[in-house]
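K.L.:
Have a look at the structure that comes next, please.
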Amino acid sequence: MSSSLAWRGHAWISLVVRLYLGGVFLAACAHKILHPEVFAVDVATYQFLPLWSVNLFALVVPWVEAITGAMLVLGIRVRAASLLIMGMMVAFMVALAWALQQGLDMSCGCFASQAAAEDDPISWHTLLRDSVWLVQSIYVLAVDRDAIGVERLLGKWRKRHG
Amino acid sequence: MSELKQTTPVQPSARATVVGIVRDAAIVMVVSTAVALTVNAVRSEGIRLVQQEQYDILVPCPEPVGDPEGMKADDARVKDSKSLLLDVRTKEEFATWRMEGARNQPFDWLGPPVDDEVKTVARQVAASRAQRVIVYGDGDDPDSGKEWAKLLSGARIKNVFYVEGGAPALNPSLPKPEGLPPLEEPDEPSEPSEPGAPGDEAGGGSADSGKEAP
């Protein structure tokens with residue numbers, strides 16, 4: 001098991017996964033950061049969180065998405081970033097499954113506001129899509145021990161220059 | 001030997017690795033929170049950190065004016081416990097007969113704008129956590145139930161339905177709506193009608209006239 005995880009090819013596969021996953025999260029956070037008041041309504045629409053926490057969630061989560069997305073793309077502390085993404089994906093999937101079970105006909109709110117409900121309605125396909133991203137984050141967390149990226153380059157530079 | 005010890009890279013233990021990952025993740029969370037709160041404080045249109053009032057939405061509509069869906073009176077969803085029933089007939093009509101569990105929200109065509117009432121009902125709907133809202137009215141043309149359902153949809157509530165035919169469709173023993181008289185009478189010179197001629201009320205034309213809406 002440990003030998004299969006130590007395979008050097010994982011770093012390159014993980015790089016592709018990281019770039020994709022990081023890009024997804026950077027794209028997802030944009031409208032939420034620009035329009036937190038709209039995203040707060042999206043969060044409230046799920047009727048999942050208590051009212052007092054809706055705005056805090058709507059403010060903080062997009063920045064977590066932005067920072068973790070950037071960390072994955074750049075190759076900085078990728079395992080910590082993938083751990084956070086994993087946690088967010090689990091949370092999103094629970095809320096999504098709950099909304100689907102309640103029969104709510106609404107937008108995912110993942111990449112656009114509820115105004116785009118007809119473009120991105122929630123469905124079991126949304127849940128499947130999220131589970132793919134969850135698996136990807138678990139993969140990065142499990143195998144990417146020496147991520148290709150800025151952090152590795154800095155490490156090499158430090159070794160060379162004492 | 002001592003040189004060898006110094007040059008061999010020290011592999012961190014699994015526990016230390018996990019602790020390191022969790023610590024880094026916690027730092028990212030703290031930084032993200034700090035950035036989020038700072039940006040929100042700086043923004044002129046920043047939002048309140050703790051929301052006090054309920055967001056008056058169940059599921060928002062993309063359009064400012066909603067387009068509720070019609071529903072047959074015998075639809076099983078009408079009697080579903082997850083449906084919120086709104087009876088928009090007058091209080092007197094509501095007192096005479098109502099669907100079990102229905103709330104009365106009288107709709108007065110000639111009354112003042114009902115924006116505040118719609119918002120109040122929208123909040124109640126959101127708080128009720130019902131899966132859908134079913135409105136029924138007098139079943140006339142225009143149907144007060146359908147009109148109220150439109151208003152409710154326009155207030156960013158989705159999953160709003162109206163019962164086609166209104167209360168008389170739900171309870172056939174209720175009197176059918178009479179409707180308004182036709183706006184234009186035929187402008188033909190009056191001729192004495194012959195007994196049994198087409199159009200003569202005695203000839204049975206009233207059944208059809210009842211179906212036609214003004």
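The values are calculated or read from the model by the stated rules, or taken from the named source; none is laboratory data. Every value quoted in this text rests on a predicted model; they were computed, and no experiment measured them. Using ideal geometry, Cβ is built from the backbone for each residue, glycine included, and neighbour counts are taken over all protein chains shown.
K.L.:
Of B:Lys158, B:Lys119, B:Lys150, which residue is out of contact with any strand residue (DSSP E or B) (no Cβ under 6 Å at 6 or more places or on another chain) and within 14 Å of chain A (Cβ to nearest Cβ)?
P.N.:
Only one candidate qualifies: B:Lys158.
K.L.:
Considering only the range A:35-53, state which residues are more than 15 Å from A:Leu100 (Cα to Cα), over 20 Å from the mean Cα position of the chain (by Cα) and not in a helix (DSSP H, G or I).
P.N.:
A:Pro50 - this is the single residue of the range A:35-53 that is more than 15 Å from A:Leu100 (Cα to Cα), over 20 Å from the mean Cα position of the chain (by Cα) and not in a helix (DSSP H, G or I).
K.L.:
Identify, from the list A:Val54, A:Val17, the residue that is within 13 Å of chain B (Cβ to nearest Cβ), touching a helix residue (DSSP H, G or I) at 6+ places or on another chain (Cβ under 7 Å) and not polar (S, T, N, Q).
P.N.:
The match here is A:Val54.
K.L.:
Separate question: Please identify the pairs in which a residue from the range A:127-143 that is away from every other protein chain (no Cβ under 14 Å) has its Cβ atom under 7 Å from the Cβ atom of a residue that is among the aromatic types (Phe, Trp, Tyr) and buried (at least 19 other Cβ atoms within 10 Å of the Cβ), counting only partners at least 6 apart or on another chain.
P.N.:
Matching pairs, first to second residue: A:Asp130/A:Phe92.
K.L.:
Could you please let me know if B:Val28 is part of a helix (DSSP H, G or I), in contact with a Ser or Thr (Cβ under 8 Å, 6 or more places away or on another chain) and modelled with pLDDT of 85 or more?
P.N.:
It is true that B:Val28 is part of a helix (DSSP H, G or I), in contact with a Ser or Thr (Cβ under 8 Å, 6 or more places away or on another chain) and modelled with pLDDT of 85 or more.
K.L.:
Which numbered condition trips up A:Gly87, out of (1) assigned to a helix (DSSP H, G or I); (2) more than 10 Å from every other protein chain (Cβ to nearest Cβ); (3) surrounded by fewer than 20 Cβ atoms within 10 Å (Cβ to Cβ)?
P.N.:
So the condition that A:Gly87 fails would be (2).
K.L.:
If the requirement is being surrounded by fewer than 20 Cβ atoms within 10 Å (Cβ to Cβ) and among the aliphatic types (A, V, I, L, M), which of these qualifies: A:Ala6, A:Ala44?
P.N.:
A:Ala6
K.L.:
Looking at the range A:9-41 only, could you name the residues that are loosely packed, with under 14 Cβ neighbours inside 10 Å and among the β-branched types (Val, Ile, Thr)?
P.N.:
Within the range A:9-41, A:Val16 is the sole residue that qualifies.
K.L.:
Search the range B:39-55 for residues being surrounded by fewer than 11 Cβ atoms within 10 Å (Cβ to Cβ) and in a helix (DSSP H, G or I), and hand back the single one that is farthest from the other protein chains (Cβ to nearest Cβ).
P.N.:
The selected residue is B:Val42.
K.L.:
Go through (1) modelled with pLDDT of 95 or more; (2) buried (at least 17 other Cβ atoms within 10 Å of the Cβ); (3) farther than 18 Å from B:Ala41 by Cα for A:Trp63 and report which single condition fails.
P.N.:
(3)
K.L.:
Within the range A:94-114, track down each residue that is under 18 Å from A:Cys29 (Cβ atoms) and either assigned to a helix (DSSP H, G or I) or at the interface with chain B (Cβ under 8 Å from one of its Cβ atoms) (or both).
P.N.:
The answer is A:Ala95, A:Leu96, A:Gln114.
K.L.:
Taking the range B:147-171 on its own, how many of its residues are within 11 Å of the chain's Cα centre (by Cα) and either on the phi > 0 side of the Ramachandran plot or in a helix (DSSP H, G or I) (or both)?
P.N.:
9
K.L.:
Out of A:Val78, A:Val150, report the one residue that is more than 15 Å from A:Val43 (Cβ to Cβ), more than 8 Å from every other protein chain (Cβ to nearest Cβ) and crowded, with 20+ Cβ neighbours inside 10 Å.
P.N.:
A:Val78
K.L.:
Need the failing condition index for A:Gly103 against (1) at positive phi; (2) of a type in the set (Gly, Ala, Ser); (3) buried (at least 22 other Cβ atoms within 10 Å of the Cβ); (4) modelled with pLDDT under 90, just the number.
P.N.:
(3)
K.L.:
Just for the range B:126-140: of the residues that are out of contact with any Asp or Glu (no Cβ under 9 Å at 6 or more places or on another chain) and in a loop (DSSP other than H, G, I, E, B), which one is farthest from the other protein chains (Cβ to nearest Cβ)?
P.N.:
This residue is B:Ala130.
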